[in-house]
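Comments concern the structure below.
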């Protein structure tokens, strides 16, 4: 629901992808210390390399780059067509886990990724034929 509202509002307001990304990152940054205080997280027990990997992956790639690319896709494709790419998030996450962490997806996970990609391609094709 929130991604849908975000997409529709970005399209309606003609928001610039860089400005949206910067504003979102700057406005959400103060929440990090609050979350660290409230959640039962023991960052002092984690290795610094693990924290750095999460900061780069979650902060830069997922937080900033993905938001920028999605906002740019809304501007280029429209909110409805850009939303068709959201099922790729778990696929990209699984592939990133394979490349960065050496994790191997199970056959069921691979089937789920194939199903998500197939559904997205069918929806894109149906929209272009209509």
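Structure summary
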| read-out | value |
| --- | --- |
| Residue within the stretch 22-37 that is more than 20 Å from residue 10 (Cβ to Cβ) and touching a helix residue (DSSP H, G or I) at 6+ places or on another chain (Cβ under 8 Å) present | yes |
| Which numbered condition residue 10 fails, given (1) surrounded by 14 or more Cβ atoms within 10 Å (Cβ to Cβ); (2) within 26 Å of residue 115 (Cβ to Cβ) | (2) |
| Residue match in the stretch 94-114 (condition: in contact (Cβ under 8 Å) with a residue 24 or more places away in the chain, surrounded by 15 or more Cβ atoms within 10 Å (Cβ to Cβ) and under 19 Å from the mean Cα position of the chain (by Cα)) | no |
| Qualifying residue in the stretch 70-80 (condition: within 19 Å of the chain's Cα centre (by Cα), farther than 30 Å from residue 19 by Cβ and touching a residue at least 24 places away in the same chain (Cβ under 8 Å)) | no |
| So residue 55, is it farther than 24 Å from residue 1 by Cβ, modelled with pLDDT under 90, part of a helix (DSSP H, G or I) and over 14 Å from the mean Cα position of the chain (by Cα) | yes |
| Qualifying positions in the stretch 13-30 - exposed (fewer than 10 other Cβ atoms within 10 Å of the Cβ) and assigned to a helix (DSSP H, G or I) | 13, 26, 27 |
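The values are calculated or read from the model by the stated rules, or taken from the named source; none is laboratory data. Everything numeric here is computed off the predicted structure, so don't read it as measured data. Virtual Cβ from ideal backbone geometry, glycine too; neighbours counted across all protein chains shown.
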